[in-house]
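For reference, the structure discussed in these notes is given below.
The values are calculated or read from the model by the stated rules, or taken from the named source; none is laboratory data. Since the model is a prediction, treat every value here as computed from it, not as a measurement. Don't worry about glycine lacking a Cβ; one is built from the backbone with ideal geometry, like all the others, and counts go over all protein chains shown.
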There are 4 protein chains.
Amino acid sequence: MSDAPIRFAVVGLGYWGPNLVRNINELPGAEAAVVCDLRPEALETITRRYPAVRGTTSFTDVLSDPTIDAVVIATPVSKHHPMAAAALRAGKHVFVEKPLAASSEEAADLIGLAERLDLVLMPGHTFLYSPPVMMIRELIASGELGEIYFISTSRVNLGLHQSDVSVAWDLGPHDFSILRYWLGETPSHASALSRGCIIPSIPDVAFINLEFPSGTVAHVELSWLAPSKLRRTTVVGSRKMVVYDDTSSEPVRVFDSGAVLPNPETFGEYKLTYRTGDILSPRVEVAEPLYREIEDFCTAIRTGGVPRSSAELGMEVVRMIEAVDASLDAGGARIGISAPARVAA
Amino acid sequence: MSDAPIRFAVVGLGYWGPNLVRNINELPGAEAAVVCDLRPEALETITRRYPAVRGTTSFTDVLSDPTIDAVVIATPVSKHHPMAAAALRAGKHVFVEKPLAASSEEAADLIGLAERLDLVLMPGHTFLYSPPVMMIRELIASGELGEIYFISTSRVNLGLHQSDVSVAWDLGPHDFSILRYWLGETPSHASALSRGCIIPSIPDVAFINLEFPSGTVAHVELSWLAPSKLRRTTVVGSRKMVVYDDTSSEPVRVFDSGAVLPNPETFGEYKLTYRTGDILSPRVEVAEPLYREIEDFCTAIRTGGVPRSSAELGMEVVRMIEAVDASLDAGGARIGISAPARVAA
Amino acid sequence: MSDAPIRFAVVGLGYWGPNLVRNINELPGAEAAVVCDLRPEALETITRRYPAVRGTTSFTDVLSDPTIDAVVIATPVSKHHPMAAAALRAGKHVFVEKPLAASSEEAADLIGLAERLDLVLMPGHTFLYSPPVMMIRELIASGELGEIYFISTSRVNLGLHQSDVSVAWDLGPHDFSILRYWLGETPSHASALSRGCIIPSIPDVAFINLEFPSGTVAHVELSWLAPSKLRRTTVVGSRKMVVYDDTSSEPVRVFDSGAVLPNPETFGEYKLTYRTGDILSPRVEVAEPLYREIEDFCTAIRTGGVPRSSAELGMEVVRMIEAVDASLDAGGARIGISAPARVAA
Amino acid sequence: MSDAPIRFAVVGLGYWGPNLVRNINELPGAEAAVVCDLRPEALETITRRYPAVRGTTSFTDVLSDPTIDAVVIATPVSKHHPMAAAALRAGKHVFVEKPLAASSEEAADLIGLAERLDLVLMPGHTFLYSPPVMMIRELIASGELGEIYFISTSRVNLGLHQSDVSVAWDLGPHDFSILRYWLGETPSHASALSRGCIIPSIPDVAFINLEFPSGTVAHVELSWLAPSKLRRTTVVGSRKMVVYDDTSSEPVRVFDSGAVLPNPETFGEYKLTYRTGDILSPRVEVAEPLYREIEDFCTAIRTGGVPRSSAELGMEVVRMIEAVDASLDAGGARIGISAPARVAA
């Protein structure tokens, strides 16, 4: 590919669309050329702010524009598969807002399509580009935390209720993608309890238990109905523990604490001692994850590499959500998640 | 009963025993007469501090002392049933540290015995006498919070690992007794995920989901392995929400927030609005729960009434723990909890 | 004045300039017509973002443009007086970033000029338009807090060191304008201690004591050198107390606490009791203060009224800073602040 | 001195007295032999708890008891000098609750007396034995913080109003002794602003500015009238900064942050950069300061050494309070504190 800037079309100007346009325009080597939305007033807001951007209400128009290299799909989940598939078939690289698709079948179909056509397909799991999440991934991968015993995470806040999807489809992709990235494995089992408090048919609180092949267990609490914003993830390892709070000025705190079993041979004794140590809040780089994410997408387009937020990771996230739904359908039963199906190329 | 002080024997001088002795001695109308423990040095520490208290290593000695009105059992759980049963048979009122017994059969046996002998049997669910817990009970009972949608609670801290029981038997009685007291109902279903991180056979972290007949759902996270002390309970109601933090200088915070569904008839619309309101930290009375608890026990002895921490509530707590164990034994399956068996008198 | 929009020129495109341009453009009835800065690249950034805005490096050009109604001066303090005076003489309404001028003589001169020419002169004390500050003003004015005993405020943070002015001139206007607005009076005395830690000639930490005619005392701590951001103001009244923290999600907290002197006649007894009560975090409206401030400026232009951040208040703030400087020059001596000189019209 | 335990008399059973008795009794090599108070009920409470302790209402009785080695004076400040002097003259080592005396003359008199009689005289500046205070002293002494630019400290809380002394005499000794211990120097100048909010003649809030010979400046805010407990001390050094909060579970936090002046020669440039780094909460040993303090007193008695909380330090603290009073008497004027007078032996 030449050094010419990658020309983007951004489809869907809800919450994420305008942010994506801004970041694309700030990125050297990229430019937002077209925005597409059914609402003329949404188009006008953007084109007035960015006079060089063309607005259109026609997705066909976007697909048939030969100057467009990449399409960003920021529409409701149900539209992800048809629009992404059409864009891939039109020869465009595709970035899809999370979750990648509304089912693992749809996700596998998109992945197969992108592989056959040699195009980049990338889901927008933005948290994988967040400096605190990356730092904790490094703490885990380097062994500094030791064996990961368990992870407990809460993502709750009043508001942002979605009328079309459950809280698991809405907020779950955040935590599931982070867990997948940190641990490098997909859970083997999931079970869940949820309730539609406001609208009975739409779960707005969910308590999700996950078991990973390595032995790590995790709990994920999701809710649109909570009195105060809470983004707290605790990672308990055999050597150190980490608390990650997205909303804090100290987003990563490393606790040099743990339990020590002096002589593991004599389990009968169980003379445990506890090591309480220093607490470190490492300086975390300040960077806009969305910018880094678009940058990674562009690099993948230019080099043919695989972005950190890969389509395969996106499909694993969808499979995790499907397992949660299956557990809820079965009254909270523990659902096995099969090993990832090999995607047919 | 006369106005003579109630004379207590305290059996077991571990963590709770000395605190119980102190509170009994501070309570008008009660006196600690005898302490019993197998370790002479534990007896000596107490009798030196309280010269009027007699020490003995013989439980039989305690039972045969006709001047003793009430026996406090603060021994490991496995001893609760045999010692409480023997004390009841010796005609003593019995206060047992939580949990009431090691199984619901044992608990039912003790309850039947106490009813037949017309003696008070009371488990030590101290949190029911904690001012913040009582205040939240009142907020729920008065309807101020509206319908209780869900409750999420975390009780975690580094240390205090028990070698003989799981974290569910050790820490579960706190949250289970509070939930039972607040909601006035026993869950219909439980499911759980746990792991023995340090000693594989002893679960030291547990994620527990509970469903109540009224529709309320709850999540209880328990752990001996967490980087920082966390005692946070969130109660989400249809009108208001409450955050309870035992370790805070503002233990009860009432959030006048909620979701509003303007026209419930047209569910198809789902035009939710969110009401964000004031946050109130009501002044909470400062009082030692253990003192109030012993006081309630003495009142029950004098009046023949039922203490707030009743034997029936204690048995429900044991049944909840048993359901958690059953779920863990069944690989996390959702376990039904039958309606409370009527205790044979 | 007609209904035509008020046309603004914004002079100085440092930190505040671009924010002012954005808010002016978002305000109905106002438009940013011209931006002026000596740096062509600063002009280009703005004019690319707002194609309708004209850029110029010539202040004379701004003054001679008959279509400009109002000039915003966002330049270094030393330029405030000459530029504001020139703009007033050119018949423009003038908004000057805080502090109003580099001396009370300069401030009085500008005020006299504006009065003679019947133009609006307004200093940019933005905090007076911040919802928490307005709410506390109302709590004080309504008598809900009782007599104001004392106010203690800290405004510290690492960074933002200014090379041309002291921390008192840089950060002082925030707290001084808030105190003036809340209490409705200018201090009678000031004393201060400061130190130039990094550059000896430029004070970067200051501890300032203020005495008000009503008896209220205040302490203001200012620093560019502090380990963590701290914006905490405590207002202690005879009936209630308030903590204001600009950086918190609960910026205003009202404490229904106080000391009670049961029988003030028998001072010899001093049997004080303390009343500890509820703590309330009232819901505080979310609004951008800068928008409200520009709106108030426009209203003053249209109606001939006096904006909340009045030129007189701006001059009082300058007199308070001068008193601090005088105290520092006199080795920390307590400096009397004379009653406000009547501005010659 | 022999290995026989040091026998103590504790005079004054208000707040500190009973705590001192408990710690003396827990310390090997020390025993509380006599307690003295004018109120028989106060004596009875102690002697019932500690049957081996003898109670007396007669101070003369204490002085004439030849078996008493050391006297602890925990009476109101005005009694410190006469009682300590009498005890020294009776040949007893003396521990006096802070402040050492009601004036520097009185303090100097006691010091001279102790030196002549070769007895230990020690003021009870308990904070010098608090692990966080000791850790920060080491951080300063080792140079890890660099040059100490400034220290700002707040010690405020609702309640504990004293009817006989000002807030400076009541709370000032804490901060003044800590500053003296940390910096190893007495301020050269003090100025203060205070107000008697509740009782006009008794200052209950004070803002105190201090200047030290080394260039360090400090601010001390003291109040009995504040909505919430605040114990926050910020130490800003040229290399690192420390926040000390006595009430936090992380009492010491070290900020590896600072301002960097790349080329100090070209002051005209002032191109400062800020270094934001890690934040460390070192593990702080848990220990009861009062126990360590009594232990240090006993060691001084046995070895003839000087305790950390020395009489000289105690006198410097009194001189600092006197300077505050002098400043208040002079309307807030800046008061010079002369170099410590050499105590006549």
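Does B:I68 satisfy the condition of being touching a strand residue (DSSP E or B) at 6+ places or on another chain (Cβ under 9 Å), buried (at least 17 other Cβ atoms within 10 Å of the Cβ) and under 22 Å from D:P51 (Cα atoms)? Walk me through it before giving the result.
Details: touching a strand residue (DSSP E or B) at 6+ places or on another chain (Cβ under 9 Å): yes; buried (at least 17 other Cβ atoms within 10 Å of the Cβ): yes; under 22 Å from D:P51 (Cα atoms): no.
Spelling it out, it is not the case that B:I68 is touching a strand residue (DSSP E or B) at 6+ places or on another chain (Cβ under 9 Å), buried (at least 17 other Cβ atoms within 10 Å of the Cβ) and under 22 Å from D:P51 (Cα atoms).
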Qualifying positions in the stretch B:210-223 - facing chain A (nearest Cβ under 10 Å) and under 18 Å from the mean Cα position of the chain (by Cα): B:L210, B:A218, B:H219, B:V220, B:E221, B:S223
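State yes or no: is A:A333 at pLDDT 95 or above, touching a strand residue (DSSP E or B) at 6+ places or on another chain (Cβ under 9 Å) and surrounded by fewer than 22 Cβ atoms within 10 Å (Cβ to Cβ)?
Working: at pLDDT 95 or above: no; touching a strand residue (DSSP E or B) at 6+ places or on another chain (Cβ under 9 Å): yes; surrounded by fewer than 22 Cβ atoms within 10 Å (Cβ to Cβ): yes.
No; evaluated as a whole, the condition is false for this residue.
Report yes if B:S104 is under 27 Å from B:M315 (Cα atoms) and among the polar types (S, T, N, Q), otherwise no.
Values: under 27 Å from B:M315 (Cα atoms): yes; among the polar types (S, T, N, Q): yes.
So B:S104 passes the test.
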Residue in the stretch A:147-158 that is in contact with a helix residue (DSSP H, G or I) (Cβ under 8 Å, 6 or more places away or on another chain) and surrounded by 24 or more Cβ atoms within 10 Å (Cβ to Cβ) present: yes
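Being modelled with pLDDT of 95 or more, within 12 Å of chain D (Cβ to nearest Cβ) and out of contact with any Asp or Glu (no Cβ under 8 Å at 6 or more places or on another chain) is the requirement here; does C:S310 meet it?
no
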Matching residues in the stretch A:197-208 - criterion: being assigned to a strand (DSSP E or B) and either in contact with a Pro (Cβ under 9 Å, 6 or more places away or on another chain) or more than 8 Å from chain B (Cβ to nearest Cβ) (or both): A:A206, A:I208
Search result, residues across the stretch C:280-329 that are assigned to a loop (DSSP other than H, G, I, E, B), in contact with a Leu (Cβ under 8 Å, 6 or more places away or on another chain) and not charged (D, E, K, R): C:S309
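Taking into account only those residues within the stretch D:212-250 that are in a loop (DSSP other than H, G, I, E, B) and among the charged types (D, E, K, R), which is farthest from D:Y274 (Cα to Cα)?
Filtering the stretch D:212-250 for residues that are in a loop (DSSP other than H, G, I, E, B) and among the charged types (D, E, K, R), the one farthest from D:Y274 (Cα to Cα) comes out as D:K229.
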Residues that are under 13 Å from A:G55 (Cβ atoms), part of a helix (DSSP H, G or I) and not β-branched (V, I, T), drawn from the stretch A:5-25: A:G17, A:P18
Candidate set: the stretch B:224-234, residues that are within 9 Å of another protein chain (Cβ to nearest Cβ) and buried (at least 23 other Cβ atoms within 10 Å of the Cβ); chosen: the one nearest to B:S177 (Cα to Cα): B:T234
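With touching a strand residue (DSSP E or B) at 6+ places or on another chain (Cβ under 9 Å) and over 29 Å from C:L88 (Cβ atoms) as the only criterion, which of C:I136, C:I178 stands out? Can you show your working first?
Numbers: C:I178 fails: over 29 Å from C:L88 (Cβ atoms).
From the options C:I136, C:I178, the qualifying one is C:I136.
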Residues satisfying the stated conditions in the stretch D:199-223, i.e. under 19 Å from C:A218 (Cβ atoms) and surrounded by fewer than 21 Cβ atoms within 10 Å (Cβ to Cβ): D:P200
Boolean, B:L171 is within 24 Å of A:L328 (Cα to Cα), more than 10 Å from chain A (Cβ to nearest Cβ) and touching a strand residue (DSSP E or B) at 6+ places or on another chain (Cβ under 9 Å): no
Positions within the stretch D:128-143 being within 14 Å of chain C (Cβ to nearest Cβ) and either hydroxyl-bearing (S, T, Y) or out of contact with any helix residue (DSSP H, G or I) (no Cβ under 8 Å at 6 or more places or on another chain) (or both), in sequence order: D:L139
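Could you pull out the residue among A:S238, A:S194, A:S249, A:S152 that is under 23 Å from A:S130 (Cα atoms) and within 8 Å of chain B (Cβ to nearest Cβ)? If you could, list the steps in order and put the result at the bottom.
On the way: A:S238 fails: under 23 Å from A:S130 (Cα atoms); A:S194 fails: under 23 Å from A:S130 (Cα atoms); A:S249 fails: within 8 Å of chain B (Cβ to nearest Cβ).
Answer to the check: A:S152.
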Residue in the stretch D:279-292 that is farthest from the other protein chains (Cβ to nearest Cβ), counting only those that are surrounded by 15 or more Cβ atoms within 10 Å (Cβ to Cβ) and farther than 16 Å from D:E26 by Cα: D:V284
Every pair of residues 6+ apart whose Cβ atoms lie under 7 Å, when the first sits in the stretch B:320-338 and is farther than 18 Å from A:I208 by Cα while the second is part of a helix (DSSP H, G or I) and among the aromatic types (F, W, Y): B:M320/B:F176; B:I321/B:W169; B:I321/B:F176
Qualifying residue in the stretch C:155-163 (condition: among the aliphatic types (A, V, I, L, M), over 14 Å from C:D325 (Cβ atoms) and touching a His at 6+ places or on another chain (Cβ under 8 Å)): no
Matching option when the condition is within 24 Å of C:T126 (Cα to Cα), under 19 Å from the mean Cα position of the chain (by Cα) and in contact (Cβ under 8 Å) with a residue 60 or more places away in the chain, among C:T234, C:T247: C:T234
The stretch C:257-285 residues that are modelled with pLDDT of 75 or more, paired with ones that are surrounded by 11 or more Cβ atoms within 10 Å (Cβ to Cβ) and among the aromatic types (F, W, Y) (beta carbon under 6 Å, 6 or more apart): C:I279/C:F255
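Out of all the residues in the stretch B:49-79, which are within 14 Å of another protein chain (Cβ to nearest Cβ) and under 19 Å from the mean Cα position of the chain (by Cα)?
Let us first name the residues in the stretch B:49-79 that are within 14 Å of another protein chain (Cβ to nearest Cβ), namely B:49-53, B:76.
Matches in the stretch B:49-79: B:P76 only.
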Among (1) away from chain A (no Cβ under 14 Å); (2) in contact (Cβ under 8 Å) with a residue 40 or more places away in the chain; (3) surrounded by fewer than 22 Cβ atoms within 10 Å (Cβ to Cβ) - the single one B:H125 does not satisfy: (3)
Which numbered condition B:I178 misses (of (1) buried (at least 17 other Cβ atoms within 10 Å of the Cβ); (2) touching a Gly at 6+ places or on another chain (Cβ under 8 Å)): (2)
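Can you report the number of residues in the stretch D:26-46 which are modelled with pLDDT of 90 or more and outside any loop (DSSP other than H, G, I, E, B)?
Taking the stretch D:26-46 first, the residues modelled with pLDDT of 90 or more are D:27-44, D:46.
Still in the running and outside any loop (DSSP other than H, G, I, E, B): D:30-36, D:40-44, D:46.
Here the count works out to 13.
Tell me whether the stretch D:86-96 contains one or more residues that are over 23 Å from D:E221 (Cβ atoms) and of a type in the set (D, E, K, R). Walk me through it before giving the result.
The first filter runs over the stretch D:86-96 and keeps only residues over 23 Å from D:E221 (Cβ atoms), leaving D:86-96.
Those still in the list that are of a type in the set (D, E, K, R) too: D:89, D:92.
So far as the stretch D:86-96 goes, yes, one or more of its residues are over 23 Å from D:E221 (Cβ atoms) and of a type in the set (D, E, K, R).
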